[in-house]
Amino acid sequence: MKKSISTLLLLAALSSSAVVFTTSCSSDDPTTEIPSVDVDRNNLKGQIRSGENLVLESGTYKLTGKLEIESGGKLTIKPGVIVEATKFVDGEEIRYIAVAQGGQIFVEGTKEAPVVMTAADKVQQAWGGVVICGRAPINPGATASAEVSGLTYGGTVANDNSGSIKYLRIEYSGYAYSSTKEFNGLSMFGVGNGTTIEYVQVHEGSDDGFEWFGGTVNTKYLVATANEDDQFDWTEGWNGTNEFWYAKEAASKGNRGIEADNNSNNHLANPISNPTIKNMTLIGRGNVGSERQAIKLRVGTKGTFDNLVLSNWGVGFDVEHNEGIGYVADGTLKATNVKFENVLLKSVGIMSVPAGSPQGTIGASADVSRIFTENANATGAGAGTATPEWAKGWTVGL
């Protein structure tokens, strides 16, 4: 049976210190504070309903299940707060935080006191991570259901606002229900550009660090470290403007720096994925083998990149399928001012070919070297392969 936060704070939240909920009776009434209450900070889960604002003020809160911010609800997390997912056994509810369409999350960390979302068990897949669902355009249809929360996402509101996240570190996320249903660190489903995403690190996740499923959200100052699969991933028509990304694989884990798609069922589905990314460093774990790709661009994605440092990869740019190869030719998929360090092949292109052709279904090679221009003085995220100044003081694993 679900309980409202207004009755006892969504079954959850905080014992030794108080938590404040605010609600507004109507658009004409002033905001009324509900008095602080003593609740169990060792049992944070449930629903934040419309008109309710759950404020995590200080200290550590034990996440014991799903915490969902419903439409009209808000979750506010103050500087220095730690949200720690408890250990679970099979059959128990997976721990994760989900923001539904119309809900909002406000993470108010600082460089000196970041908000940390972590797990009691310091291993990958220890909990789900953070899922945000907005009303911005996507290309699977007018709307869709998020794969790991079941929440609806997508719509026509490009400037949709799901809140603001600053100075947040997400650790040990990526719980997998199956090989095709797996959490990331921060998953953004149809998130609009009214949302702020800045100074966020995803560390030691079992799937991707950051993933965008359509939407228009812009980002700045993202750090992805030691995630098992891709450090950054997008699909379903994401269009956003981004600056200062820094990614570093672990010595023994990690797949790609970026894996980028448009739509695997329809490569020309609109809106076409077409983000802009400036000032980025991607550091791999070695240049042996063509599967070690800094940037994999496939199934019709476009993109514009500038000022990149790519270090320790088998391949710099891997472009797959005819649509992407065509975008290289017409200049809508391009990277300028790229510095390669210890990269075996700077670019690889694989065309789509019909089944039964002489090449079978493997595809024919294509020259996509026009995708990049080089600049030996490129600085990437700010300091080449070194940790940039903006990433110091609030991150781990660098």
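The values are calculated or read from the model by the stated rules, or taken from the named source; none is laboratory data. Please read all numbers here as calculations on a predicted model, not as lab measurements. No Cβ is skipped: glycine too gets one built from the backbone with ideal geometry, and neighbour counts run over all protein chains shown. What goes into the accessible areas is simple: the full protein's heavy atoms, side chains included, and nothing from ligands, DNA or RNA. Shrake-Rupley method; radii C 1.70, N 1.55, O 1.52, S 1.80 Å.
With +1 on each Lys and Arg Cβ and -1 on each Asp and Glu Cβ, how big is the dipole of region 49-105 about its Cα centre, in debye rounded to the nearest 20?
For this selection, approximately 160 debye.
Would you please put 119-126, 80-87 in order of how densely packed they are, using the mean number of other Cβ atoms within 10 angstrom per residue and starting with the highest?
80-87, 119-126
With r defined as the distance between the Cβ atoms of ALA329 and LYS111 and R0 fixed at 56 Å, what FRET efficiency is calculated, to the nearest 0.05?
Values: r = 43 Å, r/R0 = 0.78.
Efficiency, rounded to the nearest 0.05: 0.80.
When you count, for each residue, the other Cβ atoms within 10 Å and take the mean per peptide, how do 63-69, 310-316 rank with the highest first? Let's see the in-between values first.
Numbers: 63-69: 22.6, 310-316: 24.1.
Ranked from most to least packed, the peptides come out as 310-316, 63-69.
Percent of accessible area on region 186-255 owned by carbon and sulfur, 1.4 Å probe?
It is 37 percent, rounded to a whole number.
Rounded to the nearest 0.05, what FRET efficiency do THR276 and ASP121 have when you use their Cβ-Cβ distance and R0 = 35 Å?
Numbers: r = 38 Å, r/R0 = 1.08.
After rounding, the FRET efficiency stands at 0.40.
In deg cm²/dmol, rounded to 500, what helix-only [θ] at 222 nm does the chain give when every DSSP H run of at least 4 residues adds -39500 (n - 2.57) and the total is split over its residues? Each step should come with its number before you reach the end.
Values: 2 runs with 13 residues, N = 398.
Result for the chain, helices only: -1000 deg cm²/dmol.
Using the Cα centre of region 177-267 as origin and beta-carbon charges of +1 (Lys, Arg) and -1 (Asp, Glu), tell me which of SER206, LEU222, ALA260 is placed farthest towards the positive end of the dipole.
LEU222
Counting every Cα pair in the chain, what percent are over 39 Å apart?
Of all Cα-Cα distances in the chain, 17 percent exceed 39 Å.
Using 0.36 nm per residue, how much length does the chain from VAL396 to THR143 gain when fully extended, once their Cα-Cα distance is taken away?
Numbers: separation 253, 0.36 × 253 = 91.08 nm, distance 3.64 nm.
Gain in length upon complete extension: 87.4 nm.
In whole Hz and in residue order, list the ³J(HN,Hα) couplings for region 151-163 that follow from phi through the Karplus curve 6.51 cos²θ - 1.76 cosθ + 1.60, θ = phi - 60°; x for Gly and Pro.
Those phi angles translate into 6, 6, 9, x, x, 10, 9, 4, 9, 3, 10, 9, x Hz.
If Lys and Arg each add +1 and Asp and Glu each add -1, what is the summed charge of the other residues whose beta carbon sits under 11 Å from the beta carbon of THR216?
Its environment carries a net charge of 0.
Name the residue from TRP127, GLY174, ALA250 whose Cα lies farthest towards the positive end of the charge dipole of the chain, charges +1 on Cβ of Lys and Arg and -1 on Cβ of Asp and Glu.
The Cα lying farthest towards the positive end belongs to ALA250.
Counting only C-alpha contacts under 8 Å and six or more residues apart, can you give the relative contact order of the chain as a whole percent?
Here the relative contact order equals 9 percent.
Sorted by average packing, counted as other Cβ atoms within 10 angstrom per residue and highest first, what order do 188-194, 296-302, 384-390 take?
Per-residue mean Cβ counts within 10 Å order the peptides as 188-194, 296-302, 384-390.
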